[in-house]
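Structure record follows, encoded as structure tokens.
The values are calculated or read from the model by the stated rules, or taken from the named source; none is laboratory data. From a predicted model like this one, the values you see are computed outputs, not experimental measurements. Cβ coordinates were reconstructed from backbone atoms using ideal geometry, including for glycine residues, and neighbour counts include every protein chain displayed. Heavy atoms of the whole protein, side chains included, go into the accessibility calculation; ligands, DNA and RNA do not. Shrake-Rupley method; radii C 1.70, N 1.55, O 1.52, S 1.80 Å.
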Amino acid sequence: MNTNHSGHFAKLAQKLGVKIISHISEIPYLLYESVLASDIHEMLKAEMTICPSKIAQKSLKIMGANNIKLLYPSIDLKCILPSESNKSILKKKLKIPNNLYIWAMSGSLIYRKGIDYIPKIIRLMKVHHKECFFIWMGGGTENATEYFFRKELSYYKCDNIVLTGALEEDYYDYFDLADAFLLPSHEETFGMVNVEAAYLGK
């Protein structure tokens, strides 16, 4: 059982005497806000609790989880095959001058991912005359946080950023356009995107 997808079934499993293995990826605060206390309480009674990081492991230990096992997430590096020709097309499409330093970021457009930092960073770069461009790769939402984020970018004339939306085929082409990767998250559960960035030499 995974917390966000099936945590609410834990109570039923306990009632029916069905043994469960819990997969709890959350770290202490922000993601737990979406999980009911009664659900997490039942999930912590599982025969085994799997988590993806030492930080998550510590939070589960504090809450008294049973039989905690650490299982780091993984990605298939053979799938990371950026296309040089498509990268050139994308750069022209985005109208990025050749001399600009490019920062890549990835994730949903939500507060936990640190979108509130981005307008500040862009403005700071401009104040210090750092010529650069930002690419945020990730799906949008319908929440008010993203609405404010987009309004803030417009208000401060942050015109050197592109929000790609969710990407599939072109994801690694966009990623590989960048000179560096920036992870502004307040809390990061998996951090798999860091592995991708490292593999691409960012």
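Just a few scattered comments:
- Number of residues in the range 173-184 that are in a loop (DSSP other than H, G, I, E, B) and in contact with a helix residue (DSSP H, G or I) (Cβ under 9 Å, 6 or more places away or on another chain) equals 5.
- Test result for Thr3, touching a His at 6+ places or on another chain (Cβ under 9 Å), over 26 Å from Glu196 (Cα atoms), open to solvent by less than 20 Å² (accessible area, probe 1.4 Å) and among the polar types (S, T, N, Q): no
- For the range 6-16, the set of residues classified as without any contact (Cβ under 8 Å) to a residue 24 or more places away in the chain and open to solvent by 60 Å² or more (accessible area, probe 1.4 Å) consists of Phe9, Leu12, Lys15, Leu16, listed by residue number.
- Output for the range 124-151, where each listed residue is open to solvent by less than 90 Å² (accessible area, probe 1.4 Å), over 16 Å from Thr164 (Cβ atoms) and out of contact with any helix residue (DSSP H, G or I) (no Cβ under 6 Å at 6 or more places or on another chain): Met125, Lys126, Asn143, Ala144
- The listed residue being under 23 Å from Ala56 (Cβ atoms), charged (D, E, K, R) and not in a loop (DSSP other than H, G, I, E, B), out of Glu187, Glu146, Glu196: Glu196
- Number of positions in the range 164-181 that are open to solvent by 40 Å² or more (accessible area, probe 1.4 Å) and in contact (Cβ under 8 Å) with a residue 12 or more places away in the chain: 5
- Odd one out for Ser25 among (1) touching a residue at least 40 places away in the same chain (Cβ under 8 Å); (2) exposed (fewer than 11 other Cβ atoms within 10 Å of the Cβ); (3) under 19 Å from Arg112 (Cβ atoms): (2)
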